[in-house]
1. Which residues, counting only those in region 217-245, are modelled with pLDDT of 85 or more and under 22 Å from ALA31 (Cβ atoms)?
2. Return a yes/no flag: does region 240-263 have any residue that is assigned by TED's automatic domain parsing to the domain that holds LEU323, crowded, with 18+ Cβ neighbours inside 10 Å, of a type in the set (D, E, K, R) and in a helix (DSSP H, G or I).
3. Tell me, yes or no, whether region 381-390 has at least one residue that is assigned by TED's automatic domain parsing to the domain that holds SER434, buried (at least 24 other Cβ atoms within 10 Å of the Cβ) and modelled with pLDDT under 95.
4. In region 407-450, which residue that is over 21 Å from GLU262 (Cα atoms) and outside the structural domain of PHE359 (by TED's automatic domain parsing) is modelled with the lowest pLDDT?
5. Starting from region 301-314, keep only residues that are modelled with pLDDT under 95 and crowded, with 22+ Cβ neighbours inside 10 Å, then list their pairs with residues that are among the basic types (Lys, Arg) and outside any helix (DSSP H, G or I) whose Cβ atoms are within a distance under 9 Å, requiring at least 6 positions of separation or different chains.
6. Is it true that ILE141 is buried (at least 24 other Cβ atoms within 10 Å of the Cβ) and farther than 30 Å from ILE287 by Cβ?
7. It is to be established whether one or more residues within region 45-54 are in a helix (DSSP H, G or I) and modelled with pLDDT of 90 or more.
8. From THR114, THR125, grab the single residue that is within 25 Å of THR335 (Cα to Cα), assigned by TED's automatic domain parsing to the domain that holds LEU71 and at pLDDT below 90.
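The values are calculated or read from the model by the stated rules, or taken from the named source; none is laboratory data. Not measured: the values here are computed from a predicted model. Cβ atoms come from the backbone with ideal geometry, glycine included; neighbour counts cover every protein chain shown.
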Amino acid sequence: MESQGIDRTGSATAIKMIVFSAFIGVSGGFATVIFRKLIAFIHNVFFLGNISFTYNENLHASSIWGIGIILVPVLGSILAIWIIETFAADQRGLSVPAILLAIFYKDGKINPVTALAKTIASAITIGTGGSVGREGPVFQIGATISSIVSDFTKLSIQQRKALIAAGVAACTASIFHAPFSGILFAAEILIVPISIFGIVLAIIATVFSISVEYYFIDLKPLFTVQILAQHITTHNLFLYILFGAIAGVTSILFIRCTYWTEDFFNRHIKNVYFRHMSGMLVVGCMIYLIFRLFGHYYIEGIGLATIQDCLNRQILEPRLLLLLVVAKLLATCLTLGSGASGGVFSPSLFIGAVLGSAFAMTIHYLFPASGVDTVLFTLLGMAAILGSTTGALLTSTLLTMEMTRIFQPFIPIMLTVISAYVVRHYLCRENIYSLKLHRIGISYRHRYYN
């Protein structure tokens, strides 16, 4: 009789957790849709001078302000830093380390006011041209909803952590239209130790979140891709490994420059408003200069239009692509280093896409008979930079394929990601998230790699 009582208690707890996961999935889906619409509204008002909650992120848009576009990121920086300083002091920068800190060191407790403030500030930063990603804020949205539910229902610490992972998975899946990648990200980074029931909760939350996304926005692939022109053979293994090594070195530059820029601003500009405004003024100048020289803003915001250009083979000048690698890396470092809050998935995908396209064009120029495909190397670059920068190797591989619905190049992508990671890990043990924690005295070693 006693064992039957224990079984009933366990079943009731499992059912309760499943219901909570479904609720978090629905709530996270709605919150992600609202966040996406908020960015669109801010972008349309500040860049285009019209009021609308929709815009096609995969197409370039020209501003009506001319040279005045330089001041748009500056105006956004004033609003963003006021929100952060008022409601989330000392919480500037990347969002994912804050979630890791809450899960592994603070029993899964997240301040909802701080999270909401950072989310709104991130929307303003992205909408006004700041070079950060949407995924960091939506990770925080999912984690915060889960934490609130846990507070109201008085869950245990382990249950709270499992729900946070489920919430992050749901919102990740929604923002990238990539359900499996959302689940895998939670399993790869957040669920420790790996728990089948924890993964089940992530799946349930993701299903409900994706359903909400499908109802309001549809679930088309984030990018459209032409059929790959190159058959994948063993003769190209050397190129994949070589490019992976180049991507690994690039990710080290990205990681180190992000925190070097933050230290530079903190050391030389004490006033937080002037600090962020000065960084975004430089970003505004870069955006305008690139527009004047090449016809598009290219590096502003999340940069999906530029990635789509690479996938469409529309940028045919390797020197322009290499310039965009440097410019995007610098713009992201300036945005985050000067005080903005946001994610690094989108900048990593951008840098990887243009680097891969530039590499393929260079190889084709040096060896015309090689037959390398720029689209394939665009995909390889997206996965390699993302995986080596964040340490999420499996997530980056699957995410690249899910965003494009192209699953043919699994082996080249995986090989390139591993090559990039090995180089990055050998020369720089910390990824961009663990280095943030390391700098505040917390040694974060997630399983066997970072």
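1. LEU222
2. yes
3. Yes, region 381-390 contains at least one residue that is assigned by TED's automatic domain parsing to the domain that holds SER434, buried (at least 24 other Cβ atoms within 10 Å of the Cβ) and modelled with pLDDT under 95.
4. So the residue we want is TYR448.
5. Listed by first residue and then by second, the contacts come to ILE302/ARG134.
6. no
7. Checking region 45-54: at least one residue is in a helix (DSSP H, G or I) and modelled with pLDDT of 90 or more.
8. On the way: THR125 fails: at pLDDT below 90.
Exactly one residue qualifies, and that residue is THR114.
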